[in-house]
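Notes follow once the structure below has been shown.
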Amino acid sequence: MADSKVKDIGLAEFGRKELKLAEHEMPGLMETRKEFGAAQPFKGVNITGSLHMTIQTGVLIETLQALGATVRWCSCNIFSTQDHAASAIAKAQTASVFAWKGETLEEYWWCTEQALTWPGKDGPDMIVDDGGDATLLIHEGKRREEAFAKDGTLPDPAETENAEFKCVLSVLRESIQKDPTKWSRMAKTVRGVSEETTTGVHRLIQMAEKGELLFPAINVNDCVTKSKFDNVYGCRHSLPDGIMRATDVMIGGKRVVVCGYGDVGKGSAFAMRGAGARVIITEVDPICALQACMEGFQVARYEFPDGHGVIVLAAGRLLNLGCATGHPSFVMSCSFTNQTLAQLELWKERDTGKYANKVYLLPKSLDEKVARLHLPALGARLTTLRKDQADYIDCKVEGPFKPDTYRY
């Protein structure tokens, strides 16, 4: 679209070729297009996304657009954009894109504001968020507008030592002077957000517990087909990829310290062990520490001897996206099919009262549906229960097959 800002539109042809390859590896999204495309459930819906502008995200964007949505997009990380992906989407005009690799913090928050700003409208109807920055900007903007209306107080970047929050306050200071009710109007326009990752979910839960959340949210991060696939299998693939591209250092024989043995830590630890490293786990959670021990990992406190240092990749940000191309398309198809189903659910139920301004999980039936959509691509065939078998284990023939308390 005319108002996109990307690094080099000349990269669009290369990006389109990779998008075609990714579509083949993302069966969940492609089947979602087939199932819902004709009905156009997002016709007239404006969706803002703040999520790594990669090839895989391009397939998500074009799925939302194929279902009828108008889309504006920015990345959620200054290093994660794949410029050929951003260019391909911008040239095809399937979304307005504001993203390029290597943004400054000031540019990053400018891009976030552009993605949220809809010409001729008060804001988006829906948000796809990753890390919660789009959601944060609306909430902080509304709070600062209320302070300005009360006593004329403008946001002051000098009030914080945090370099990134200084940029947020600068954006809001300029915005309020131009339009002192922009973010308050936007907050009323948004009908829901689907959040991709742990940090963003934590932010949402904190706001909901304080009664400050301004619209309903679906926690995509804790869907089984996200957390156990993206976080475990995705990291297992992309962590060694990022390290080797950035350093060209052999992993075999090295001592690798993995800080934390949650889903990301599990995928990372197995990847490093598989590459021949001697893996040490650090943990504060006794359950995760016990899991690591049972898998044969050494669990210890690790202190660097004097004189030793570390190579910090991607300036301490996500190295698999900053130094490589992130998770492979297949696991991202699981994550992004959940995102699409979450958006459909929130929009369909927007006026029914089903969702208050709280944080929700997708129903397990939809989680199982995401898994089911990906099995044929792997040559798998499910067994079907007989009615008497289903009755014996107290479930329906078609599922869900596990209670909500089950931990996969």
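The values are calculated or read from the model by the stated rules, or taken from the named source; none is laboratory data. Since the model is a prediction, treat every value here as computed from it, not as a measurement. Quick reminder, even Gly has a Cβ in these numbers, built from the backbone with ideal geometry, and neighbours come from all protein chains shown. When the accessible area is computed, the model is the full protein with side chains, heavy atoms only, and any ligands, DNA or RNA have been set aside. Shrake-Rupley method; radii C 1.70, N 1.55, O 1.52, S 1.80 Å.
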* Asked: Going through the stretch 380-408 one residue at a time, which ones are under 17 Å from Cys334 (Cβ atoms) and out of contact with any helix residue (DSSP H, G or I) (no Cβ under 8 Å at 6 or more places or on another chain)?
  -> Ala380
* In the stretch 141-168, which residues are free of Cβ contacts under 8 Å to residues at least 40 places away in the same chain and either out of contact with any Leu (no Cβ under 9 Å at 6 or more places or on another chain) or within 30 Å of Asp351 (Cβ to Cβ) (or both)? -> Arg143, Arg144, Glu145, Glu146, Ala149, Lys150, Asp151, Gly152, Thr153, Glu161, Asn162, Phe165
* To do: Considering only residues that are under 18 Å from Ala69 (Cβ atoms) and of a type in the set (D, E, K, R), look in the stretch 315-350 and name the one that is most open to solvent (accessible area, probe 1.4 Å).
  => Lys348
* Residue tally, condition part of a loop (DSSP other than H, G, I, E, B) and not charged (D, E, K, R), over the stretch 7-49 -> 6
* Across the stretch 351-370, which residue is surrounded by the fewest Cβ atoms within 10 Å (Cβ to Cβ) among those that are closer than 15 Å to Lys228 by Cα and acidic (Asp, Glu)? -> Glu368
* Could you check, for the stretch 249-257, whether at least one of its residues is in a helix (DSSP H, G or I) and closer than 20 Å to Pro328 by Cβ? => no
* To do: Answer yes or no: is there a residue in the stretch 294-305 that is in a strand (DSSP E or B) and open to solvent by 90 Å² or more (accessible area, probe 1.4 Å).
  => yes
* Determine which member of the set Ile89, Ile138, Ile127, Ile78 is over 24 Å from Val331 (Cβ atoms) and either touching a residue at least 60 places away in the same chain (Cβ under 8 Å) or in a loop (DSSP other than H, G, I, E, B) (or both). => Ile138
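Here is a yes/no grid of residues against (1) at pLDDT below 95; (2) open to solvent by 40 Å² or more (accessible area, probe 1.4 Å); (3) under 27 Å from the mean Cα position of the chain (by Cα); (4) more than 16 Å from Asn320 (Cβ to Cβ):
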site	(1), (2), (3), (4)
Met244	yes, yes, yes, no
Val258	no, no, yes, no
Lys266	no, yes, yes, no
Phe270	no, yes, yes, no
Arg278	no, yes, no, yes
Glu283	no, yes, yes, yes
